[in-house]
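The values are calculated or read from the model by the stated rules, or taken from the named source; none is laboratory data. None of the values given here were measured: they were computed from a predicted structure. Ideal geometry is used to build each Cβ from the backbone, glycine not excepted, and the neighbour counts take in all protein chains shown.
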Amino acid sequence: MTYDAILSVENVTMQFGGVVAVNNLNLHVQRGEIVALIGPNGAGKTTAFNCITGVYEPTNGQIRFNDQVIISNHPKGKMKKLYSGENYGMYSKVKNPTPDKVTRLGIARTFQNIRLFKTQTVFDNVLIAKHMRAKQNVFSATLRLSYAEEKRMRQETYALLEEQNLLHLKDEMASNLPYGLQRRLEIARALATQPQLLLLDEPAAGMNPQETQELTAFIHSIRDKYQLSILMIEHHMDLVMEISERIYVLDFGSLIAEGTPEEIQNNQHVIDAYLGVSEDA
């Protein structure tokens with residue numbers, strides 16, 4: 001772990017019965033960095049994402065975000081040590097946050113299978129995500145004191161759609177958009193939660209070469225515009241090698257390599273386990 005890491009995954013293991021999906025994983029993402037997590041199908045990549053975002057409670061290990069422990073677990077019967085805030089140095093049980101709480105902390109994600117609200121408009125898809133950052137509470141909502149808050153969120157939704165060149169589609173149903181634009185809308189919806197860290201799960205899946213090239217430029221642009229750190233799962237090696245500053249490689253749940261794109265391309269272990277295998281295999 002380095003001191004400038006926005007995300008640190010430390011000794012994380014995820015076990016389902018007798019199957020170890022992720023085995024003692026360690027990785028970090030620096031602020032402003034684009035990092036790829038690659039490996040064969042079934043290597044544990046999406047399981048790692050699910051641990052980071054609170055979908056799964058890891059069997060062991062801990063995850064830090066902005067140098068605070070946000071997810072932690074150890075085998076049954078052991079206690080966990082908190083390393084930040086007022087509990088520094090004290091042993092205590094850590095209650096793992098739910099995915100919505102992780103989102104509010106500043107971590108957003110997209111999915112391999114696009115999960116838009118397909119019966120809602122483009123505008124409403126983004127507006128719904130904006131409500132994750134709403135400042136109103138139950139009391140103010142009940143007394144109808146949230147008009148200014150709703151107005152602010154609608155204005156921010158218009159602005160975000162305009163920035164992402166989607167405003168002209170604001171009244172279209174999400175299900176009517178071409179595949180590439182659905183991907184872009186899903187990322188725009190993630191941006192609406194104002195993340196510091198964006199997790200992209202196979203963003204180029206199903207895209208043609210032209211769409212993949214446009215996506216590459218798009219990811220670079222949102223990283224710079226919104227000062228994001230990005231952790232990405234991807235099988236399109238051209239995109240991975242072009243866009244990533246560092247790459248982690250998983251195989252059967254275990255980390256087998258870490259390095260720059262050039263180092264990974266020349267790593268014989270990675271070539272044997274993954275890069276030498278056809279993407280369609």
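Remarks
- The lone exception for LEU181 - which of (1) at pLDDT 95 or above; (2) within 25 Å of PHE49 (Cα to Cα) it fails: (1)
- Qualifying residues in segment 245-262 (those that are without any contact (Cβ under 8 Å) to a residue 60 or more places away in the chain and exposed (fewer than 15 other Cβ atoms within 10 Å of the Cβ)) - the one farthest from the chain's Cα centre (by Cα): GLU262
- Filtering segment 216-239 to residues that are modelled with pLDDT under 95, surrounded by 15 or more Cβ atoms within 10 Å (Cβ to Cβ) and within 19 Å of TYR274 (Cα to Cα) leaves GLU234, HIS235, HIS236, MET237, LEU239.
- Positions within segment 175-206 being more than 13 Å from the chain's Cα centre (by Cα) and on the phi > 0 side of the Ramachandran plot, in sequence order: GLY206
- Odd one out for TYR274 among (1) at pLDDT below 90; (2) touching a helix residue (DSSP H, G or I) at 6+ places or on another chain (Cβ under 8 Å); (3) among the aromatic types (Phe, Trp, Tyr): (2)
- Checked against the criterion of being among the acidic types (Asp, Glu) and in contact with a Ser or Thr (Cβ under 8 Å, 6 or more places away or on another chain), segment 222-238 has at least one qualifying residue.
- Within segment 1-36, the residues that satisfy the criterion of being under 25 Å from PHE218 (Cα atoms), outside any strand (DSSP E or B) and of a type outside the set (Asp, Glu) are ARG31, GLY32.
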